1. Compute the normalised compactness of the range B:24-103: alpha-carbon radius of gyration over 2.2 N^0.38 Å, N being the residue count.
2. If amide hydrogens are placed 1.01 Å from N in the peptide plane, which non-local residues have theirs closer than 5 Å to the one on A:GLU156?
3. Could you work out the mean projected area of the convex hull around the alpha carbons of the range B:129-168, in square nanometres to one decimal?
4. Average partner chain C-beta neighbours within 10 Å, per residue of B:157-169?
5. Estimate the FRET efficiency between A:ASP88 and A:ARG137 by the formula 1/(1 + (r/R0)^6), using the beta-carbon distance for r and 25 Å for R0, to the nearest 0.05.
6. Using the alpha-carbon atoms, what tilt in degrees (0 to 90, nearest 10) does helix A:93-110 show relative to the longest principal axis of chain A?
7. Students often check this: by mean Cβ neighbours within 10 Å, which of A:150-157, A:111-118 ranks highest, and how do the rest follow?
8. What FRET efficiency would be calculated for the residue pair B:ASP123, A:ARG153, taking the C-beta separation as r and a Förster radius of 45 Å, to the nearest 0.05?
There are 2 protein chains.
Amino acid sequence: MGAAKETLGEEQPWAEVSPDAARRLLIAAVEAFAERGYHATTTRDIAGRAGMSPAALYIHYKTKEELLHRISRLGHDKALDILRSAADGEGTPAERLSAAVRSFVRWHAGHHTTARVVQYELDALSDEHRTEIVALRRQSDAAVREIINDGVRAGEFDVPDVPGTTLAVLSLCIDVARWFNVEGRRTPDEVGATYADLVLRMVGAVPPGGAAPQR
Amino acid sequence: MGAAKETLGEEQPWAEVSPDAARRLLIAAVEAFAERGYHATTTRDIAGRAGMSPAALYIHYKTKEELLHRISRLGHDKALDILRSAADGEGTPAERLSAAVRSFVRWHAGHHTTARVVQYELDALSDEHRTEIVALRRQSDAAVREIINDGVRAGEFDVPDVPGTTLAVLSLCIDVARWFNVEGRRTPDEVGATYADLVLRMVGAVPPGGAAPQR
DNA sequence: CGCTTGCCTAAGCGCTTGCTCACCCTCAGG
DNA sequence: CCTGAGGGTGAGCAAGCGCTTAGGCAAGCG
């Protein structure tokens with residue numbers, strides 16, 4: 001149910017970044033940051049991956065930190081968007097929570113390089129940029145908490161500690177970006193389904209029909 | 001002069017590191033790595049925090065990476081120890097799983113600076129050291145999986161995907177190190193209790209008595 | 001054609017990094 | 001007293017860092 005009418009996985013995930021050279025640099029930076037971390041990545045490495053000279057980077061971005069901020073901002077926007085559209089969707093709280101977790105996890109697994117940068121490199125941002133991003137994260141938290149509160153009010157969920165459970169649910173989903181490996185046995189879809197099931201158990205909503213994804 | 005080795009009344013977490021100067025350097029490194037990350041930390045910063053000159057570091061450690069390795073090794077040993085003693089303890093699978101999660105989470109919250117370094121700076125290790133650490137992590141995974149398998153065999157747990165659930169449980173616990181804040185509202189004990197409850201729900205074992213920790 | 005504009009590079013500046021080296025201080029054993 | 005070893009320091013090296021600068025080249029336009 002719920003007919004996940006999903007805007008198809010963007011074939012060009014960074015279509016909003018232009019011109020072309022700026023996008024190539026940003027994609028190269030995502031890869032490099034995800035592999036080695038922000039501080040261990042050099043501007044020469046980023047430029048090299050994009051097939052450019054080190055100086056080319058500074059035509060499109062003022063600093064290396066601005067690159068990280070752009071990535072972080074776009075990624076958080078996307079993540080929040082995913083959560084919001086599930087939270088504001090139709091259906092019972094259980095259905096909405098399940099959909100939110102499934103799509104949120106699918107994104108973290110499918111775009112785990114981006115997600116890794118977005119979720120684990122916050123410390124490298126400037127104070128100003130970090131507070132901007134933290135505000136977005138609080139909105140993500142609010143979106144999930146709202147679904148859980150709805151479920152509790154409707155008597156569908158049994159949750160003694162709503163803020164704590166909200167935190168745990170988001171934490172569980174976010175950490176997917178850390179361990180997910182493309183060469184592993186699980187597809188993003190499978191992980192999403194498994195996690196949606198686990199989260200429904202956490203809030204005391206029995207998964208429908210016991211139809212748990214088996215393998 | 002005054003007693004150089006003063007008992008602080010709290011546990012001495014790095015008692016196994018000697019001599020004294022080496023321990024002070026290690027503690028300084030844990031703080032710095034946890035705050036800024038390995039790559040953003042300079043050897044001068046570590047030495048400075050320990051009240052020494054930059055060169056002093058190299059009397060006790062061959063490289064900066066060796067410091068990280070020592071921290072990571074000791075931390076993983078401790079974490080594995082905690083999980084093992086819960087897994088090998090007595091009681092029903094639900095009791096053992098609950099105890100394992102509670103103590104594991106309590107450690108990650110209470111020693112969140114150390115845990116942050118231990119859990120999130122693996123990439124900075126040399127290939128050799130990283131494979132050594134990864135082997136320890138696989139043992140942690142095995143310890144948790146064993147409890148869950150016991151519960152399934154005993155008919156106490158309802159777990160469709162044991163490896164997936166094991167991964168999720170560990171992931172949930174580990175991520176505590178990322179978000180836990182000393183100035184937050186929760187104590188390590190409270191988080192441990194909340195999480196133990198959540199994990200029992202995840203494996204389909206009804207939490208005992210419904211005595212869930214309230215805010 | 002000359003001139004501007006946008007994108008890019010080669011070279012390199014100033015600084016910081018991990019790490020080393022020559023030397024010093026303290027103290028136990030003879 | 002001397003000696004030698006272990007723990008410490010100030011100064012600094014080579015390499016690598018983020019970033020800048022001067023200039024090149026192609027395209028659009030009078």
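Laboratory data are not the source of any read-out in this text; all were calculated from the coordinates shown. Values in this document were obtained by computation on a predicted structure and should not be read as measured data. Note: ideal-geometry Cβ built from the backbone for every residue, glycine included; neighbour counts use all protein chains shown.
1. That works out to 1.49 for the range B:24-103.
2. Under 5 Å from the amide H of A:GLU156 lies no amide H from a residue far enough along the sequence or on another chain.
3. Values: hull surface 11.0 nm².
Projected over every direction and averaged, the Cα hull of the range B:129-168 covers 2.8 nm².
4. 5
5. Calculated value: 0.85.
6. Helix A:93-110 sits roughly 30 degrees off the main axis of chain A.
7. A:111-118, A:150-157
8. It comes to 0.55.
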